Every structure is written in C-alpha cells, then in structure tokens.
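Okay, so here's the structure we're looking at.
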Amino acid sequence: MLHKHVKTEDGQHIGFPKAFFNQLNHQHIMNIAIAGAHGKIAMLLHPILKENGHTVRGLIRNPDHAEELKEAGAEPVLCDIEKEDDLSKAVGDADAVVFAAGAGPGSGKERKRTVDRDGALKLIDAAKKNGISRYVMISAMKVEEPRGNDVFQVYQKAKAEADAALRKSGLDYTIIRPGRLTDSPGTGKVALKPDLPSGEIPRADVAAVIAAVLGRPETSGLQLDLTSGNTEISEAVSRTVSFKS
C-alpha cells in the first residue's frame, strides 16, 4: 500500500496510507483554532491539517514555542487559557475549534481544574461568542469512573465536567476519548466506538482521527472512545454515523 509521510516537530516521519490523505482532501477547507497547540497531539495534528489545505491558529502561552508551531504549519497566537477569561479574540473567525490542552504530568490538582476543565469551558464560550458551531474535544476514556491517586481523580473529574458542559452547550461537538497514549508510530488503524474496553493508542493516530472528524459534520453529537484497532481511520469515522440514536 502506498504511504505518505508527515514530518513532526521532532523530525520524525509518521506514515499514513495515501488514501487517508485523499479522503481528507475532499473535505471543506477550514480555518481551525486549536487550544493547547504545543501539546504532543496538537503538534502532530498541525502538519496533517496543513497538508490538506486548512489554516491553523495555534493558541500557546509560551512565546518560545512560536517558531516550532510555524514549522509545524500553524500560526502561533499568544493566549494563556488559564489567565485569560475571554478567548474569543485569540480564536478569531475560525470555522472550528479543537481543545487539545492539558495540564500534563506533574501538575497539581488546581491546574487540572484551571486547564483541563476551565480552559475547555472558556473555549465553549469563545466559540459561541464568535458564532463558531463546530467543537472537537480531546478527552480521555472512562473519566466518569474515578481511579488512581487523588490528582488523577481530580483530572478525571475535570475532564468529565468539561465533556458534560460541551454536550449541553448546543454546539456541534465531537468528543474523542483516547485510551492510554503512547509515542509509537501511527498505524492508521483504530477502534472508534461509544464504548470500548480500555486500551492504548499512539498519539499520531489520535491526531489523524481528529483531522478526520473535523471535516465530517455527521460526527457531531457523538462521544467516542478511541484505541488502536483493525479499521482504517477513514472507514472507522464513516461508521460512526450508525451510533447516532
């Protein structure tokens, strides 16, 4: 099978079937604003979106990351989602927004709330203020089932509350809930369903799924678990319409 490679910010190449890019190329070209634009998944997402003609506004709080974003294909926009109450100016006239932010390992309970929950809520408000209906959330599997240490349980609660707010927002949302994230090369094959057993998935495949669902309005209103699997990403996304009630 012919493959096309996307180069990531660390110089690695991620291979996906050329048919995957051909399918994306038929999507409507969009201006996409991404919160958490220097995160690992986002930095893998930017080159895919650029490859397919989209324009990306990447919200970052550290100006030192601006050049890396440019190299990955995104326009850096300085915006600290923890400190700023109104993200609408940073988001601009986007056609869609993606929440890819996270406080990350080593952060305490409070930052789980201010980033993973409150940042997502602020992006909902910004989307509404700017008339943007499309919102794609990167969440996590089984966040309604608290487990692990105290900090991890606060993280899960924060993600669950953010997801619940998005479901009630009236926006055209898609919530993607990956399993345990790895830095393995993407395979282009996944399992994508409303309820899956626990599993893992390369960040590269998460980025590819986000790119695929962004241009597929029929995935709106769905919350989907995501792990590695046996189905090509484009086919897995197409099948999600059967999960609508």
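The values are calculated or read from the model by the stated rules, or taken from the named source; none is laboratory data. Bear in mind that the values here come from a model prediction, so they are computed numbers and not experimental data. Backbone-built Cβ (ideal geometry, glycine too); neighbour counts: all protein chains shown.
Summary table
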| item | result |
| --- | --- |
| When residues of region 33-53 are limited to those that are part of a loop (DSSP other than H, G, I, E, B) and either of a type in the set (Lys, Arg) or without any contact (Cβ under 8 Å) to a residue 60 or more places away in the chain (or both), the one farthest from ALA212 (Cα to Cα) | HIS38 |
| Test result for ALA74, hydrophobic (A, V, I, L, M, F, W, C) and farther than 19 Å from PRO217 by Cβ | yes |
| Hey, VAL115 in a strand (DSSP E or B) and either closer than 22 Å to THR219 by Cα or of a type in the set (A, V, I, L, M, F, W, C) (or both) or not | no |
| Some residue of region 138-155 being under 14 Å from the mean Cα position of the chain (by Cα) and assigned to a strand (DSSP E or B) | yes |
| Some residue of region 196-204 being assigned to a helix (DSSP H, G or I) and either at pLDDT below 95 or crowded, with 16+ Cβ neighbours inside 10 Å (or both) | yes |
| Pairs with Cβ under 7 Å, 6+ apart, first in region 166-187 and over 15 Å from ILE132 (Cα atoms) and assigned to a strand (DSSP E or B), second modelled with pLDDT of 95 or more and among the acidic types (Asp, Glu) | ILE175/ASP163; ARG177/ASP225; ARG180/GLU200; THR182/GLU200 |
| Answer from GLU71, GLU82, GLU67 - the residue that is under 18 Å from GLY39 (Cα atoms) and touching a residue at least 40 places away in the same chain (Cβ under 8 Å) | GLU71 |
| Of the criteria (1) of a type outside the set (Gly, Ala, Ser); (2) over 22 Å from LEU214 (Cα atoms); (3) touching a Lys or Arg at 6+ places or on another chain (Cβ under 9 Å); (4) not in a helix (DSSP H, G or I), which one PRO105 fails | (3) |
| Residues of region 102-114 classified as without any contact (Cβ under 8 Å) to a residue 60 or more places away in the chain and either hydroxyl-bearing (Ser, Thr, Tyr) or within 17 Å of CYS79 (Cβ to Cβ) (or both), total | 4 |
| Neighbours by Cβ (under 6 Å, 6+ apart or cross-chain): first from region 148-164, at pLDDT below 85 and surrounded by 18 or more Cβ atoms within 10 Å (Cβ to Cβ); second among the charged types (D, E, K, R) and part of a helix (DSSP H, G or I) | none |
